[in-house]
C-alpha cells in the first residue's frame, strides 16, 4: 500500500513539496449528477426557476469554485489554471455536470475539477430547493487524470 503523501514522519499534516517535479501539461475530468423531480426538470427547461437560469449559473459557479480550490482545501497547491470548463446538461432524471481542468505545472488538477463539479451541483440544489425537497447529488467522481510532457 502506498503511504500518504500529506503526512510527515510524525503523523502531522504537511503540504507536499513538488519543487523537484518538472512542469507538465496536467488535465483532469470529473463528473457528478443531481437527481431531480420531473416537475423541477420542466421548470429548469422552461427557465422558470425564480432564481434564474439554473444551468448557466451552475456552470459559472463551478468555474469560480474550481479557481478557488486552494482556498477551500487546506493542503492543495495554488495552481495557475490554463483552462477550466464546466458543462451542466439535462439528463433523464436530473442534471449531469462535467468539468475539465487544465494547467501547466508540477502537480495535478483533479481537486480543481472535482471542486468545480461539487459546487455546480450545490448551486443547482440551492436554486431548486424551494420547489424540490427530494434532490440527491450522486456519482461525483474523477473520470480521468493525465499528464504529458511539454512540446519541445
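The values are calculated or read from the model by the stated rules, or taken from the named source; none is laboratory data. These numbers come from a predicted model, not from an experiment. Don't worry about glycine lacking a Cβ; one is built from the backbone with ideal geometry, like all the others, and counts go over all protein chains shown.
Results for (1) touching a helix residue (DSSP H, G or I) at 6+ places or on another chain (Cβ under 9 Å); (2) not in a helix (DSSP H, G or I), shown as yes or no for each residue.
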{"site": "118", "(1), (2)": "yes, no"}
{"site": "131", "(1), (2)": "yes, yes"}
{"site": "139", "(1), (2)": "no, yes"}
{"site": "146", "(1), (2)": "no, yes"}
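For every residue, the table says whether it meets (1) within 21 Å of residue 52 (Cβ to Cβ); (2) outside any strand (DSSP E or B); (3) touching a helix residue (DSSP H, G or I) at 6+ places or on another chain (Cβ under 8 Å).
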{"position": "71", "(1), (2), (3)": "no, yes, no"}
{"position": "99", "(1), (2), (3)": "yes, no, yes"}
{"position": "108", "(1), (2), (3)": "no, yes, no"}
{"position": "111", "(1), (2), (3)": "no, yes, yes"}
{"position": "123", "(1), (2), (3)": "yes, yes, yes"}
For residues that are at pLDDT below 90 and part of a strand (DSSP E or B), scanning just the range 7-25, find the one that is surrounded by the fewest Cβ atoms within 10 Å (Cβ to Cβ).
13
Only one of 88, 28, 58 is in contact with a helix residue (DSSP H, G or I) (Cβ under 6 Å, 6 or more places away or on another chain), buried (at least 17 other Cβ atoms within 10 Å of the Cβ) and more than 21 Å from residue 136 (Cα to Cα); which?
28
Taking the range 121-146, which residues are surrounded by fewer than 16 Cβ atoms within 10 Å (Cβ to Cβ) and more than 19 Å from residue 63 (Cα to Cα)?
129, 130, 133, 134, 136, 138, 139, 146
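Please enumerate the residues belonging to the range 31-42 that are touching a residue at least 40 places away in the same chain (Cβ under 8 Å) and exposed (fewer than 15 other Cβ atoms within 10 Å of the Cβ).
Taking the range 31-42 as the starting set, the residues that turn out to be touching a residue at least 40 places away in the same chain (Cβ under 8 Å) are 31-37, 39-41.
Passing the criteria: only 39.
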Unmet requirement for residue 110, which otherwise passes all of (1) at pLDDT below 95; (2) closer than 27 Å to residue 6 by Cα
(1)
For the range 74-85, give me the residue count where each residue is touching a helix residue (DSSP H, G or I) at 6+ places or on another chain (Cβ under 6 Å) and not in a strand (DSSP E or B).
2
Inspect the range 43-52 for any residue being in contact with a helix residue (DSSP H, G or I) (Cβ under 6 Å, 6 or more places away or on another chain), modelled with pLDDT of 95 or more, surrounded by 15 or more Cβ atoms within 10 Å (Cβ to Cβ) and over 30 Å from residue 20 (Cβ atoms) and give the result as yes or no.
yes
It is to be established whether one or more residues within the range 64-81 are closer than 26 Å to residue 46 by Cβ, in contact with a strand residue (DSSP E or B) (Cβ under 8 Å, 6 or more places away or on another chain) and surrounded by 14 or more Cβ atoms within 10 Å (Cβ to Cβ).
no
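What tally of residues in the range 95-120 results from selecting those that are within 18 Å of residue 39 (Cα to Cα) and crowded, with 23+ Cβ neighbours inside 10 Å? Show your work before the answer.
Restricting attention to the range 95-120, the residues satisfying the condition of being within 18 Å of residue 39 (Cα to Cα) are 95-96.
Remaining after also requiring crowded, with 23+ Cβ neighbours inside 10 Å: 95.
Count: 1.
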